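Working notes, beginning with the structure itself.
The values are calculated or read from the model by the stated rules, or taken from the named source; none is laboratory data. A quick note: this is a predicted structure, and the numbers were derived from the prediction, not measured. Cβ: placed from backbone, ideal geometry, glycine included. Neighbour counts: every protein chain shown. Calculation scope for accessible area: heavy atoms of the full protein, side chains included, ligands and nucleic acids excluded. Shrake-Rupley method; radii C 1.70, N 1.55, O 1.52, S 1.80 Å.
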Amino acid sequence: MPVKRSSRYLPNIGTLLSTACVLLSVPEIEWSALVWVGLVPWFFGLRRCASLLEAVVQGAWLNLLLGFGGAFWVAGAAERYLSVSTPLALLMLFAHALVHQLQLVAFAGVYWKTSRAEPPGTTVQLLTLAFIYTGLDWITPKLFRDSLGMMLYASPWLRQLAAFGGTALLTFVVALGNLATYSLVAEALALRRERSRTFAPLARPALRLVVPMVAFIALGAAEHARVRNAIDHAKDSVRIGIVQGNVSDELRRSWARGDADAARESLQNYVRGTEKLLESPTPPDLVVWPETAYPGVFRKPESDAQLHLNVAFDRLVAKLGVPLAFGAYDREARTDRRVLRNALYLVIPTSGQRTDELSPMQVYHKSTLFPFGEYLPFADEEVARRWLPGAAQLSRGDGAAVLELGIADSGVLRLGPSICYEDVFPSHARALSHLDAEFLINISNDSWFGDYGAARWHLIMAAFRSIETRLPQVRATNSGYSAFILPDGSLRAVTEFDSSTERSVALPITNLDSPPFARFGDWFGWLSVLVAGVAVFVSRRSAVTE
C-alpha cells in the first residue's frame, strides 16, 4: 500500500528507533552499548526517503526528538533558575530542541545524496562519511557541546582516545562504527532476500567494522595502561576535601535578597562539613566548597549585615587554619555601572595568624558565562528582565588563570580553576594546561537542573577535561555530583545527588606530559571539517562533469 504523501514528513520507524536507542544510551540510563547502533535504524529510514527534502525532514525530526527527550530538564531549569512561567519554560525547551543536534539535519541530506542507491560499500566511503558527520558535529554550535562520542566515557579504554583528538575523535569512532554496522546489516539483508546460501560476501563488510574498532580499542588500552602506571607510581599526592552543602534553591534566593539569617544558615552547612573533615585522622591540605557557597560578595560588603558576615567568616577561616577554595561574588566599583563577577576565592591562613587578621587570598573570575542565566545576549536588559526575572547580568573575567597553593611536602601547587559552565569547554582546560596547572578545580551548582540527566552529563564532561589534559581534578558542587577525577577520567568518592556530605581523597601528582590534544588543540575537529569540505567539493565537481 503506498505511503500517503502527508505521512512522509512525519518521523518514520527508523527515526523513532534511533531516537529510542540514543536516549537509552545517554544519562541517566546509560545503556552505552546502544550508541554503537543508535543511528543504524535512521540510516535505513533515510534510504527509503523519496526525496532530499524528506531525508532532511527525518534529520530534523531526530534532532527535535532528541532535544525533547534528552534535554527535557531545560524547561525545569528555566522555571526554577530564571523564575519564568511554565508556558515560557516549555517554549524555551522547544527553542533549544530545535537546535539541539543540528548536524543531524545536514548529515541526513549528505547521506541521502551519497547513499540512497546503495549502502556505503568501501572503506573510503565509510571513512569519508564518518569524517563528514564528525566535522558537522564539531562545527555546529551547541549550548552544552554534547555529542554521541561522549557516550564512550563508559569504556575505560576508548575514552582515552580523547587525549589524542578530543571528543571529536570519539565521535568519529562512533560514527564509523554505526556506518560500518549499517553496511554489514544491509549486506546481510540483501543476501537473505537473494536466498543466498553463502556468507562469504559478508567477510569484507565485517572486516571494515572489526579492524578499525580493534585498532581503536588497542590504542586506548595501551594508553590506559600507561596512564594507570603513572598514577600508581605518582611522585607525590595531595589530600583534598570537598564539602557538598546541598543548600536549597529557596535558601539561596533568600540570602540573595538580603536575608542575613538565611546567609548564616547557608554558610553554616559548609562550616560543619569542613570541621568534620579536619577532625579526621588524615585532614586535607585544601578544602573546596562549590560555586557561590559563600552567600554574597566576599570582602566587599555593601551593608552592615554583610560586613558582620565577612568579619565572622574571616575569623573562622583563621581559626580552622586550612586553605579554603570557595565560590562567591566579587564586585568592582565603576563610574558607569556596578560590575559583578562570579568568582572562585583561594584563602590561605598563615602560621601564627591572629583571628582578627585577614588571610591572604587569590581570586579567579569566571570568563565563560552561561547565556541568559548569567548574562543576556543580544537583548535589551530592561525588556528581557520582564520575561526572565531570575536572570543575572554578570561581567566576564579576563580568562584562564592559575592559583598557587603552598603545600608542606609538595612545594607550591598550581591550581587551574573553572566555574560551572566553563568545564564544558575543552579550550579552557587546555589554557590551564598551558599555564602549567598541576590540578584542575571545578566548582558548580547543578541543583537548578534537577536530579535526572543534566548533573550526570556535567560530571562526564568534566571528566573528559582531565583525560584531555592528563590532570587530576577536584569537582565540588552544591547538590551533586561532586567527585575526584583521576588523569584517566576515572571517578573517586562520587557523592549522591541531593545530599549534604563531605569527602576527602589523596590525589596523585604525576609526571605525565601534556597529551597531543592539550598541546595541539582541536586538530581532529578541524581535520574532519577539512575532509568534509574536500568531499563536498569533489562530489559537486564530479556532478558538474557528468
For this session: Note down the accessible area of residue 538, probe 1.4 Å, to the nearest 10 Å².
Result: 80 Å²
Seminar exercise, completed: Rounded to the nearest Å, the spacing of the alpha-carbon centers of the range 203-241 and the range 161-185 is 16 Å
Problem set entry | Distant alpha-carbon pairs in the range 249-318 (separation over 13 angstrom), percent | 66 percent
Exercise. Taking the Cα atoms of the range 164-204 alone, what are Rg (to one decimal) and Dmax (as a whole number) in Å?
Worked result: 14.5, 45
For this session: Rank-order 442-451, 511-520 by packing density, defined as the average count of other C-beta atoms within 10 Å over each peptide's residues, highest first.
Result: 442-451, 511-520
Seminar exercise, completed: Measure of exposure for residue 291: accessible area at 1.4 Å probe, Å² rounded to 10, is 20 Å²
Exercise. Where does each of 112, 36 land when they are ordered by accessible area, with a 1.4 Å probe and the largest first?
Worked result: 36, 112
Problem set entry | Mean-position separation - Cα centroids, the range 469-544 and the range 96-139, in angstrom | 24 Å
Exercise. Which three lengths, in whole Å and largest first, does the range 395-490 cover when its Cα atoms are put on their principal axes?
Worked result: 40, 31, 23
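Percentage of Cα-Cα pair distances in the range 216-336 greater than 25 Å, rounded to whole percent?
Details: 2973 of 7260 pairs.
The share of Cα pairs beyond 25 Å in the range 216-336 comes to 41 percent.
Could you order the peptides 183-196, 80-93 from most to least packed, using the average number of other C-beta atoms within 10 Å per residue?
Working: 183-196: 14.7, 80-93: 16.3.
Sorting 183-196, 80-93 by mean packing, highest first, produces 80-93, 183-196.
Please quote Rg/Rh for the range 93-147 to two decimal places, taking the Kirkwood radius as Rh and restricting both calculations to Cα atoms.
Values: Rg = 13.0 Å, Rh = 12.3 Å.
Here the Rg-to-Rh quotient is 1.06.
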For this session: Take 502, 54 and sort them by solvent-accessible surface of the protein heavy atoms, 1.4 Å probe, largest at the top.
Result: 502, 54
For this session: May I ask for the Kirkwood hydrodynamic radius of the range 197-259, worked out over all distinct Cα pairs and given in angstroms to one decimal?
Result: 18.0 Å
Exercise. What's the angle, to the nearest 10 degrees (0 to 90), between helix 260-278's Cα axis and the longest principal axis of the chain?
Worked result: 80 degrees
Exercise. Remind me, what semi-axes does the range 69-225 give for its equivalent ellipsoid, largest first in whole Å, using sqrt of 5 times each Cα gyration tensor eigenvalue?
Worked result: 35, 22, 13
For this session: Calculate what fraction, in whole %, of the accessible area of the range 240-296 sits on carbon and sulfur atoms when a 1.4 Å probe is rolled over the protein chains.
Result: 45 percent
Problem set entry | residue 279 paired with residue 316, simple spin-label distance in nm, labels 7 Å along Cα-to-beta-carbon | 1.6 nm
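Before I look further, what does the chain give for accessible area per residue, probe 1.4 Å, in whole square angstrom? Provide the component values of the computation, followed by the final result.
Numbers: 24170 Å² over 546 residues.
I get 44 Å² per residue for the chain.
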Seminar exercise, completed: When all Cα-Cα pair distances of the range 177-281 are considered, the percent exceeding 17 Å is 75 percent
Seminar exercise, completed: For the pair residue 435 and residue 198, the simple spin-label estimate (label points 7 Å beyond Cα toward Cβ) gives in nm 6.5 nm
Seminar exercise, completed: Taking a crude spin-label model, label points 7 Å out from Cα along the C-beta direction, the residue 215 to residue 98 distance in nm is 4.2 nm
Exercise. Sorted by packing (mean other beta-carbon atoms within 10 Å per residue), highest first, where do 158-167, 119-128, 210-219 land?
Worked result: 158-167, 119-128, 210-219
Problem set entry | List 113, 319, ordered by accessible area with a 1.4 Å probe, largest first | 319, 113
